[in-house]
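What follows is a set of notes on a single structure, which appears directly below.
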Amino acid sequence: MAKKISQLDLIKEFFINNPLRNIPHPEVVDWVVIQWKKRTGEIFRDPDRGIRSLAQKGFLIKISKGIYRYDPDFVVNRKLEDFTPAQKKEILKRDNYKCVICGKGKKEGIELHIDHIKAKDFGGKATIENGQTLCAQHNFLKKNFKQTETGKKMFIRLYELAKDKKNVDLQKFCSEILEVFEKNNINGHIEWTK
Ligand SMILES: [Zn+2]
């Protein structure tokens, strides 16, 4: 009797057999739909969603919209950089069981996450120093508003430059923008010293 596989296993099988190649969705979908029908007699439901979920789990690298890549080294390295339960405990304790941005935590019944300050995808390590406690909301913001980090850093540099050059107008402009970041608790981990 054939071993029962899941739909995700089948998608994985495709990528494992096609490593180190940027693959657009349709190519994967065509293959898994046919294979699933062949092996189980059933219809494969929502393969696109399956691919996305494998990328979210760190099994696939998202290259661009609808294009994914499997790299065995990436999977292994990424896994190695997950925090251990002991590290998570230590980070939570260090941060007083509170989100480092808004200060909400256990007391307020807020769900807390341990976040890599420097993301795993950018070579961030699973060390206590690279960990921080975030509430669900700020974890979401950080993951989805990565581009604002670059923006904030840019304005901080521009602000400092303007200060050096005594360009009052530019300094005022930058500081107004940076105040908007602060007011909305965006990217609080990037420090701006006025
Ligand atoms: Zn928070």
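Surface composition of the chain: carbon and sulfur make up 55 percent of the accessible area, probe 1.4 Å.
Overall, segment 141-184 carries a charge dipole of about 220 debye about its Cα centre when +1 sits on the Cβ of Lys and Arg and -1 on the Cβ of Asp and Glu, all other atoms neutral. Distances between placed amide hydrogens fall under 5 Å for residue 68 paired with 23, 25, 63, all partners being 5 or more residues away or on another chain. In this model, which of 12/107; 104/152; 120/194; 143/194; 89/183; 4/125 are farther than 32 Å apart at the alpha-carbon? Over 32 Å Cα-Cα: 12/107; 4/125.
Of the trypsin sites (Lys or Arg not before Pro) found in segment 10-67, those in coil by DSSP whose Cβ has at most 14 other Cβ atoms within 10 Å are 21, 45, 57, 65.
Using the Cα gyration tensor of segment 33-98, with a ≥ b ≥ c the square roots of its eigenvalues, what is the shape: rounded (a/c below 1.5), prolate (a/b larger than b/c) or oblate (neither)? It comes out prolate by the Cα gyration axes. Under the convention that each Lys and Arg Cβ holds +1 and each Asp and Glu Cβ holds -1, the size of the dipole of segment 18-155 around its Cα centre is about 240 debye. Per residue, the solvent-accessible area of segment 83-194 (1.4 Å probe, heavy atoms of protein chains only, all protein chains present) comes to 67 Å².
Counting only protein heavy atoms and using a 1.4 Å probe, the accessible area of residue 181 comes to about 30 Å².
Classified by the C-alpha gyration tensor, segment 61-103 has an oblate form. Its axis ratio a/c, with a ≥ b ≥ c, is 1.5 or above, and a/b does not exceed b/c.
Accessible surface computed residue by residue for segment 1-78, with neighbouring protein chains in place and a 1.4 Å probe, gives 65 Å² per residue. Among residues other than residue 105 with Cβ under 15 Å from its Cβ, the summed charge is +4 (Lys and Arg +1, Asp and Glu -1). Taking GluC sites (Glu not before Pro) across segment 1-99, the ones in a DSSP loop with at most 11 further Cβ atoms lying within 10 angstrom of their Cβ are 42. Rounded to whole Å, the principal axis extents of the Cα atoms in segment 1-138 read 54, 32, 30, largest first. The mean sequence distance of close C-alpha pairs (under 8 Å, at least 6 residues apart), as a share of the length of the chain, puts its relative contact order at 14 percent.
The values are calculated or read from the model by the stated rules, or taken from the named source; none is laboratory data. Small disclaimer: the values here were computed from a predicted structure and weren't measured. Don't worry about glycine lacking a Cβ; one is built from the backbone with ideal geometry, like all the others, and counts go over all protein chains shown. When the accessible area is computed, the model is the full protein with side chains, heavy atoms only, and any ligands, DNA or RNA have been set aside. Shrake-Rupley method; radii C 1.70, N 1.55, O 1.52, S 1.80 Å.
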